[in-house]
Amino acid sequence: MRRSVPPLLWAPGLLGLAFLVLPLVALVLRAPWATLPGRLVEPGVLTALRLSVTTASAATVLAVLVGVPLAVLLARVEFPGRRLVRALVTLPLVLPPVVGGVALLLVFGRRGVIGSWAGFSLAFTTAGVVLAEAFVALPFLVVSVEGALRAADRRYEEAAATLGATRWTVFRRVTLPMVAPGLAAGTVLCWARALGEFGATITFAGNFPGRTQTMPIAVYLALESDPDAAIVLSLVLLAVSVAILVTLRDRWLG
């Protein structure tokens, strides 16, 4: 295998690897390991961690409820402008999160399109955190499920329909089991992205300890006053990311 790689690619390839790995190594080496257990149980850390896990889980549930039907529509229904709709759905993947937060304010804020009409505001609330995280994480789920649906063998669905199964039964008993690996991968990626969301959250929900201050926001604020706390929170997020990659490794490399 080594002979199949041109020698000129080794140096830039290893340089790219070092560029990605060295910051993570530095994070691990600079971690306050002696005081780490005590810092992990500090009230501020536990509060941010609890809020992050809770809101990321709620955002993932919301994403699954609306994302799976959306993925089915994009994969199985022909309609005018489908390519445009698909582009709009995946736009949060490349859109700066802060821009997403501003857009959410213009819709769900007190003076937003829906907020002013309905007479309430989701901005600067825990529900706003969930909404912001779902906004940036939903495309990961949709893309994964749509890809699984397009790769699924539709002959099984046609056979079930021929045998008299209703469309809902076919979807529930045949389609969903076939795309289950893609749905699981999309759900895990969605949760991980929601857990690490920062820009849209702080723009739309603000920074209120115990209510909207998630772990990424706590990391950003701790850098100014308590760098060790920032490193501890960063290590937690790093551990979660590594766990996600290990979980999805077989799917990506299989």
*Scan region 46-91 residue by residue and report those that are touching an Asp or Glu at 6+ places or on another chain (Cβ under 7 Å) and either over 16 Å from Leu189 (Cβ atoms) or exposed (fewer than 13 other Cβ atoms within 10 Å of the Cβ) (or both).*
Thr55, Leu74, Ala75
_What are the pairs with Cβ atoms under 9 angstrom where one residue, in region 102-114, is more than 17 Å from Thr126 (Cα to Cα) and free of Cβ contacts under 8 Å to residues at least 40 places away in the same chain and the other, located anywhere, is of a type in the set (Phe, Trp, Tyr) and part of a helix (DSSP H, G or I)? Sequence gap at least six, or different chains._
Ala103/Phe135; Ala103/Phe204; Ile114/Phe108
_Which listed residue, of Leu93, Leu84, Leu105, is touching a helix residue (DSSP H, G or I) at 6+ places or on another chain (Cβ under 6 Å), among the aliphatic types (A, V, I, L, M), under 18 Å from Val143 (Cα atoms) and modelled with pLDDT of 90 or more_ = Leu93
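Is there a residue being under 20 Å from the mean Cα position of the chain (by Cα) and either modelled with pLDDT of 90 or more or surrounded by 13 or more Cβ atoms within 10 Å (Cβ to Cβ) (or both) anywhere in region 5-27?
Here is the first cut: in region 5-27, the ones under 20 Å from the mean Cα position of the chain (by Cα) are none.
No, that holds for no residue.
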_Cβ contacts < 8 Å: first residue in a helix (DSSP H, G or I) and surrounded by 13 or more Cβ atoms within 10 Å (Cβ to Cβ), restricted to region 145-161; second residue modelled with pLDDT of 90 or more and of a type in the set (Ser, Thr, Tyr), any location; separation 6+ or different chain. Result?_
Leu149/Thr175; Glu157/Thr175; Ala160/Thr169
*Does any residue of region 117-129 turn out to be in a helix (DSSP H, G or I) and at pLDDT below 90?*
yes
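Considering region 33-77 alone, what residues qualify as being of a type in the set (Gly, Ala, Ser) and touching a Lys or Arg at 6+ places or on another chain (Cβ under 7 Å)?
Passing the criteria: only Ala75.
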*Name the pairs whose Cβ atoms lie under 8 Å apart, with the first residue in region 167-182 and over 14 Å from Leu141 (Cβ atoms), the second among the acidic types (Asp, Glu), and 6 or more positions between them or separate chains?*
Val170/Glu157; Val174/Glu157; Thr175/Glu157; Met178/Asp153
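The values are calculated or read from the model by the stated rules, or taken from the named source; none is laboratory data. Note that the structure is predicted; figures quoted are calculated from it, not measured. Cβ: placed from backbone, ideal geometry, glycine included. Neighbour counts: every protein chain shown.
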